[in-house]
1. Report, by residue number, each residue of region 125-149 that is out of contact with any Lys or Arg (no Cβ under 6 Å at 6 or more places or on another chain) and closer than 13 Å to G218 by Cα.
2. Evaluate region 82-97: report whether one residue or more is over 24 Å from W191 (Cβ atoms), of a type outside the set (F, W, Y) and in contact (Cβ under 8 Å) with a residue 40 or more places away in the chain.
3. Could you check how many residues of region 1-16 are surrounded by fewer than 21 Cβ atoms within 10 Å (Cβ to Cβ), assigned to a loop (DSSP other than H, G, I, E, B) and touching a Leu at 6+ places or on another chain (Cβ under 9 Å)?
4. Kindly indicate which of R161, R102, R188 is within 20 Å of I230 (Cβ to Cβ), under 21 Å from the mean Cα position of the chain (by Cα) and either crowded, with 20+ Cβ neighbours inside 10 Å or not hydrophobic (A, V, I, L, M, F, W, C) (or both).
5. Scan (1) part of a helix (DSSP H, G or I); (2) touching a residue at least 24 places away in the same chain (Cβ under 8 Å); (3) surrounded by fewer than 18 Cβ atoms within 10 Å (Cβ to Cβ) for the single condition Q49 breaks and write down its number.
6. When you go through T115, T152, T160 one by one, which is the residue that is among the hydroxyl-bearing types (S, T, Y), closer than 22 Å to K73 by Cβ and either in a helix (DSSP H, G or I) or touching a residue at least 40 places away in the same chain (Cβ under 8 Å) (or both)?
7. Give the residues of region 27-46 that are under 21 Å from L223 (Cα atoms) and either surrounded by fewer than 20 Cβ atoms within 10 Å (Cβ to Cβ) or free of Cβ contacts under 8 Å to residues at least 12 places away in the same chain (or both), sorted by residue number.
8. Report, by residue number, each residue of region 129-149 that is under 12 Å from I77 (Cβ atoms) and either out of contact with any Asp or Glu (no Cβ under 9 Å at 6 or more places or on another chain) or without any contact (Cβ under 8 Å) to a residue 60 or more places away in the chain (or both).
Amino acid sequence: MEINFKGKRALVTGAGSGIGRALALKLAQCGATVLAIDLSSTALETLKQEIPNGEFAAVDISNWEATNTTLRKLLPIDLLVNNAGIAFTDPLESITQEQCDRIFAVNVKALINITKTVISDMVARKSPGAIVNISSQASKAALLNHSLYCATKGAVDAFTRAVALEFGPCNIRINCVNPTVVMTDLGRKIWSDPKMGGPMLAKIPLNRFAEIEDVVDGVLFLLSDKAQMITGSCVPIDGGFLAC
């Protein structure tokens, strides 16, 4: 199945590393003009060496006005992947106000702000578009000591469905993917330990964690014209974890 994004401008948040970086590279390979934002200017400089015709901007997306200023310089945008996110893994009694404010600012508030800006421009141009939010299986199943993270990803799922309903008549599709543990560099470091990963792996019928490419392939499909009848969906990329 060939996917071609030639002539499309695709924005990826958190594009400096991990899933975001892989998405940016694959979108470029599929012909899109890649627009990459990340907190780290150093990571973006490295990415720029591999995507010389892309457009790059370092910004803290939790800053509403700074993000809007950055996005206005990158418009128009046809495809959006809200990938940037953070996590805290603490028991409830240890959670601080600062942690709560920070994770909701990045995982929820920033995602809403970016989506609002991009969709407003799509509507003004009367242009169709596609958006994919990176959620998590943690929105559907409780994970120990992930209460804040679970809460933010539940909000992402609900927001995805609501916006899909609102903008479907404008031919703007919005979906999310809900991966299990993904073997990024950090994921591999944490979850390759049998004591940590073993209990989680035992709940996955396919008996493996997701690789970055598994998530990238799912996102590319949902962004593409191959998924023209799919909107408002939260697609598990979890090896069957949620089926159990």
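A short reminder: the numbers here are calculations on the coordinates, not readings from a lab. Keep in mind that what you see is a predicted model, and the values were worked out from it rather than measured. Cβ: placed from backbone, ideal geometry, glycine included. Neighbour counts: every protein chain shown.
1. Residues of region 125-149 out of contact with any Lys or Arg (no Cβ under 6 Å at 6 or more places or on another chain): 125-129, 131-134, 137, 140-149.
Listed by number, the residues that qualify are I131, V132, N133, I134.
2. Of the residues in region 82-97, the ones over 24 Å from W191 (Cβ atoms) are 93, 96-97.
Filter again for of a type outside the set (F, W, Y), leaving 93, 96-97.
Then keep just the ones that are in contact (Cβ under 8 Å) with a residue 40 or more places away in the chain; that gives none.
No, region 82-97 contains no residue that is over 24 Å from W191 (Cβ atoms), of a type outside the set (F, W, Y) and in contact (Cβ under 8 Å) with a residue 40 or more places away in the chain.
3. Filtering region 1-16 for residues surrounded by fewer than 21 Cβ atoms within 10 Å (Cβ to Cβ) gives 1-4, 6-9.
Applying the additional criterion that residues be assigned to a loop (DSSP other than H, G, I, E, B) yields 1-4, 6-8.
Next cut, touching a Leu at 6+ places or on another chain (Cβ under 9 Å) only: 3, 8.
Matching residues across region 1-16 total 2.
4. Working: R102 fails: within 20 Å of I230 (Cβ to Cβ); R188 fails: within 20 Å of I230 (Cβ to Cβ).
Only one candidate qualifies: R161.
5. For Q49, the failing item is (2).
6. The unique qualifying residue is T115.
7. First, pick out the residues of region 27-46 that are under 21 Å from L223 (Cα atoms): 27-38.
Q29, C30, G31, listed by residue number.
8. First, pick out the residues of region 129-149 that are under 12 Å from I77 (Cβ atoms): 129-131.
Once the filter is applied, which keeps residues that are under 12 Å from I77 (Cβ atoms) and either out of contact with any Asp or Glu (no Cβ under 9 Å at 6 or more places or on another chain) or without any contact (Cβ under 8 Å) to a residue 60 or more places away in the chain (or both), region 129-149 yields G129, I131.
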